[in-house]
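Trainee: After the structure tokens below, expect a handful of questions from me.
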Amino acid sequence: MTVLSTAERAIERLMSLHPKGFDLSLDRIKRLLERLGNPHLKMPPVIHIAGTNGKGSAAAFTRALLEASGKAVHVHTSPHLVRWHERYRMAARGGGRLVEDAVLAAAVERAAEANEGQQITVFEILTAVMFLLFSEHPADAAIVEVGLGGRFDATNVLPCPAVSLIMPISLDHEAYLGDRVELIAAEKAGIIKAGAPVIVGQQEWEAGRDVLVDTAIRLGSPIKVYGEDFIAMEENGRLVYQDEDGLLDLPLPRLFGRHQIANAAAAIAAVKAAGFPVNDSAAEAAMMQVNWPGRMQSLPDGHLVALAPEGAEIWVDGGHNPAAGAAVAEALAEAEEKHPRPLFLISGMLNTKDQTGYFRAFEGIARHVYTVPVKNSDAGVPNVELAARALEAGLSAEPVHSVSNALQLLATTWSEDVPPRILIGGSLYLVGEVLAENGTIPD
């Protein structure tokens, strides 16, 4: 049985008192923040990040760039993978650290007490906790990731960020944000503030990009767009970034996948727009040091890895929509070209996601899919039903009871000379379970 820390027990109490999920509105969070002394108005310069995909990678790159430049940086991301503490990385010279348990517990208790039992979501209380922590502990900058959407997300009480960064937009959370890219883009554009700089990362959909650009122009916000004002590409095994200031010739990012080149470019542009210089040495160090758990993360060893066929190459990735599936599939296809191995998926997904669309990205490159339940979410798709969705996408699939079960099945039946390549993913909840069970908890 897992022993909860003081902060985790405090958050569990909140979970029992308040509804799960999202209730998009700013009234409740504003009321709570006012009772707490409006900590959101006392923040260090903020890089505010929205988007359907790539938010976490952008946060990781911006953090790496700033820390490599000697800055102390707070970072707020969500959801967490294993522990609530992952949502709050506190600034420190030489690199931030996850919030200490006693500090987090005290902030949670303060926010809950100030709320006085009024209607609110747990995410809103935990966002208030972020503002408390980040306003009361010194830092040169804060990176704040949007939870859902933008316009009515609880983080969007920030009056004037140093820069608003909007990453790739695609269909996801349609029940909350709309079923067309333009509608989703309009929600993400809600983080753009009059006069504050805006960086638009690489966009697949022209209609979505147009909404972002039009919003920035209407609000008089200086805007730079990937592919027009800045760009990055791979040349001779290097990342070459270019904007009006010139070129940066950098190592390829430590984060795996071609899509990370554009993500890195957006982060560089955002850090510069926020008023922080980016020199060659800091940018080079950032590309080599950047770290983002649960997104195309390699698992070289651990309790679960030991169950797999000997020599298997194992990755975990929390991407859970068709666009994320396409990015991961492209990365794995590239790996196949360089180092051929049979690809197997171990997948668990939520019922709010386009499961067939996600699996379709792997048609022709995945040999077989094992579908598993997602234990830590009430919205997990039953493994039998998920296998049917994979079959609809043209993949060979079968349901199994767990990730460990899938790895053991592979190990007992494997007879080929080349060990397999295995992707465990489809849900951040599943990735969190895997990292915990494997003994590789983010720190």
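The values are calculated or read from the model by the stated rules, or taken from the named source; none is laboratory data. Every value quoted in this text rests on a predicted model; they were computed, and no experiment measured them. No Cβ is skipped: glycine too gets one built from the backbone with ideal geometry, and neighbour counts run over all protein chains shown.
Trainee: Considering only residues that are modelled with pLDDT of 95 or more and of a type in the set (D, E, K, R), which ones fall in region 87-115?
Mentor: R87, R89, R97, E100, D101, E109, R110, E113
Trainee: Still on this structure: For region 67-100, how many residues are of a type in the set (D, E, K, R) and out of contact with any Pro (no Cβ under 9 Å at 6 or more places or on another chain)?
Mentor: Final tally of qualifying residues: 6.
Trainee: Next up: Of (1) at pLDDT below 95; (2) among the hydrophobic types (A, V, I, L, M, F, W, C); (3) within 17 Å of A262 (Cβ to Cβ), L239 satisfies all except one. Which?
Mentor: Here L239 clears every test but (1).
Trainee: Output yes when any residue across region 50-66 is among the hydroxyl-bearing types (S, T, Y) and touching a strand residue (DSSP E or B) at 6+ places or on another chain (Cβ under 7 Å), and no when none is.
Mentor: yes
Trainee: Of the residues that sit in region 133-158 and are at pLDDT below 95 and under 19 Å from G195 (Cβ atoms), which one is surrounded by the fewest Cβ atoms within 10 Å (Cβ to Cβ)?
Mentor: Checked region 133-158; the qualifying residue surrounded by the fewest Cβ atoms within 10 Å (Cβ to Cβ) is R151.
Trainee: Would you check if F359 is at pLDDT 95 or above, aromatic (F, W, Y), more than 19 Å from E313 (Cα to Cα) and outside the structural domain of L255 (by TED's automatic domain parsing)?
Mentor: yes
Trainee: Do we find a residue being at pLDDT 95 or above, touching a Lys or Arg at 6+ places or on another chain (Cβ under 8 Å), in the same structural domain as G318 (by TED's automatic domain parsing) and within 16 Å of I314 (Cβ to Cβ) anywhere in region 404-419?
Mentor: yes
Trainee: Further, regarding this structure: Tell me yes or no: at least one residue of region 21-40 is within 24 Å of A379 (Cβ to Cβ), more than 19 Å from the chain's Cα centre (by Cα) and basic (K, R).
Mentor: So far as region 21-40 goes, yes, one or more of its residues are within 24 Å of A379 (Cβ to Cβ), more than 19 Å from the chain's Cα centre (by Cα) and basic (K, R).
Let's see how each residue does on (1) closer than 20 Å to A139 by Cβ; (2) crowded, with 21+ Cβ neighbours inside 10 Å; (3) assigned by TED's automatic domain parsing to the domain that holds P197; (4) modelled with pLDDT of 95 or more:
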position	(1), (2), (3), (4)
A264	no, yes, yes, yes
K272	yes, no, yes, yes
G275	yes, no, yes, yes
S281	no, no, yes, yes
V305	no, no, no, yes
G311	no, no, no, yes
H320	no, yes, no, no
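Trainee: From the list A111, A186, which one is out of contact with any strand residue (DSSP E or B) (no Cβ under 6 Å at 6 or more places or on another chain), assigned by TED's automatic domain parsing to the domain that holds G275 and buried (at least 24 other Cβ atoms within 10 Å of the Cβ)?
Mentor: Result of the check over A111, A186: A111.
Trainee: Are there helices (runs of 4 or more DSSP H) fully within region 1-98 with at least 2 residues that are under 30 Å from A262 (Cα atoms), in contact (Cβ under 8 Å) with a residue 40 or more places away in the chain and in contact with a helix residue (DSSP H, G or I) (Cβ under 9 Å, 6 or more places away or on another chain)? List them.
Mentor: Fully inside region 1-98 and qualifying: 55-68.
Conditions tested, residue by residue: (1) over 25 Å from Q408 (Cα atoms); (2) out of contact with any Leu (no Cβ under 9 Å at 6 or more places or on another chain).
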{"site": "E330", "(1), (2)": "yes, yes"}
{"site": "G348", "(1), (2)": "no, no"}
{"site": "N351", "(1), (2)": "yes, yes"}
{"site": "E363", "(1), (2)": "no, no"}
{"site": "H368", "(1), (2)": "no, no"}
{"site": "V381", "(1), (2)": "no, no"}
{"site": "L391", "(1), (2)": "no, yes"}
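Trainee: Inspect all residues belonging to region 70-79 and state whether any of them is polar (S, T, N, Q) and more than 14 Å from N291 (Cβ to Cβ).
Mentor: Within region 70-79, one or more residues are polar (S, T, N, Q) and more than 14 Å from N291 (Cβ to Cβ).
Trainee: Now for a separate question. Does I199 satisfy the criteria of being in the same structural domain as G37 (by TED's automatic domain parsing), of a type in the set (A, V, I, L, M, F, W, C), closer than 20 Å to L41 by Cα and buried (at least 24 other Cβ atoms within 10 Å of the Cβ)?
Mentor: no
Trainee: While we're on this one: For region 340-358, name all the residues that are under 17 Å from L428 (Cβ atoms) and either touching a helix residue (DSSP H, G or I) at 6+ places or on another chain (Cβ under 6 Å) or touching a residue at least 60 places away in the same chain (Cβ under 8 Å) (or both).
Mentor: Scanning region 340-358 gives L345, I346, S347, G348, M349, L350, T352, K353, D354, Q355, Y358.
Trainee: Further question on the same structure: Identify, please: which residue in region 62-95 is among the aliphatic types (A, V, I, L, M) and over 26 Å from K272 (Cβ atoms) and is, among those, surrounded by the fewest Cβ atoms within 10 Å (Cβ to Cβ)?
Mentor: V82
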